[in-house]
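Here is the structure we will look at.
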Amino acid sequence: MASRFVVDSCGTAAYHVGEHPDGRSVANARKNGVEYDHLGRQLKEQDFYRFDYILAMDEYNLADIHRLQPADAKAQVMMMRAFDPMDENANVPDPYYGGEDGFQLVFEILERSTEHLLARLMKDHSLS
C-alpha cells in the first residue's frame, strides 16, 4: 500500500526547520510499533500542487494553510480529524508541554483518523 501514496509532514511556521522530531514523539511511535525520522520543514507553495490533500492538525494551522494556499491550488485542505469518527473536525491537541500520556493520546487520534482517511482514499480512488 505504501507504494501508492506519497506522505510528508511539515509545519506552517519555521520553528523547527532542519531539526529531527521531538524525541518523546519518536519514543512514543516506537512504543506503538512505528519507526520514523525526518527533518522538519515548512509548508511551501509547491506543496499545494504536489499533493492532493493537505491536512491541518488544528484550526490555527488550518488558517495559516488557507492564507498560504494559491487560488489555483489542486490540493484539498481539511482538518486531519475530519476523518476521526470520535470527534470529527476537532483539533489534534499539541502534546509538547505535557507528559507521555499526551503523546499517546495524539498517537491514538492520528492512528484512528489515518485509518479512516485511508478507507476514504481507497473508496474515492477505487483502490484495492
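Among the residues of segment 9-30, the ones that are in contact with a helix residue (DSSP H, G or I) (Cβ under 8 Å, 6 or more places away or on another chain) and charged (D, E, K, R) come to 1 in all.
Restricting the search to helices (runs of 4 or more DSSP H) fully inside segment 38-128 and requiring at least 2 residues that are over 18 Å from residue 5 (Cα atoms) and in contact with a Pro (Cβ under 8 Å, 6 or more places away or on another chain) gives 100-124. Counting only residues that are in a helix (DSSP H, G or I), free of Cβ contacts under 8 Å to residues at least 40 places away in the same chain and not aliphatic (A, V, I, L, M), segment 1-30 holds 3 of them. Taking the criterion of being more than 16 Å from residue 95 (Cα to Cα) and among the acidic types (Asp, Glu), the residues of segment 15-58 that qualify are 19, 35, 37, 45, 47, 52.
Here residue 5 meets the list (1) at pLDDT 95 or above; (2) under 28 Å from residue 123 (Cα atoms) almost entirely, failing just condition (1). Cβ-Cβ contacts under 8 Å between residues 6 or more apart (or on different chains), taken from a first residue in segment 80-97 that is at negative phi and of a type in the set (Val, Ile, Thr) to a second residue that is surrounded by fewer than 19 Cβ atoms within 10 Å (Cβ to Cβ) and assigned to a loop (DSSP other than H, G, I, E, B), are listed as 92/58.
Of 86, 57, all but one fail to be among the aliphatic types (A, V, I, L, M), modelled with pLDDT of 95 or more and out of contact with any helix residue (DSSP H, G or I) (no Cβ under 6 Å at 6 or more places or on another chain); the exception is 86. Within segment 27-76, the residues that satisfy the criterion of being surrounded by 15 or more Cβ atoms within 10 Å (Cβ to Cβ) and among the β-branched types (Val, Ile, Thr) are 54, 65.
Please work out if residue 79 is of a type in the set (A, V, I, L, M, F, W, C), exposed (fewer than 12 other Cβ atoms within 10 Å of the Cβ) and under 30 Å from residue 128 (Cβ atoms). In short, no.
The values are calculated or read from the model by the stated rules, or taken from the named source; none is laboratory data. Worth saying up front: this structure is predicted, and the values here are computed from it rather than measured. All Cβ positions, even for glycine, are placed from backbone atoms using ideal geometry, and neighbour counts span all protein chains on display.
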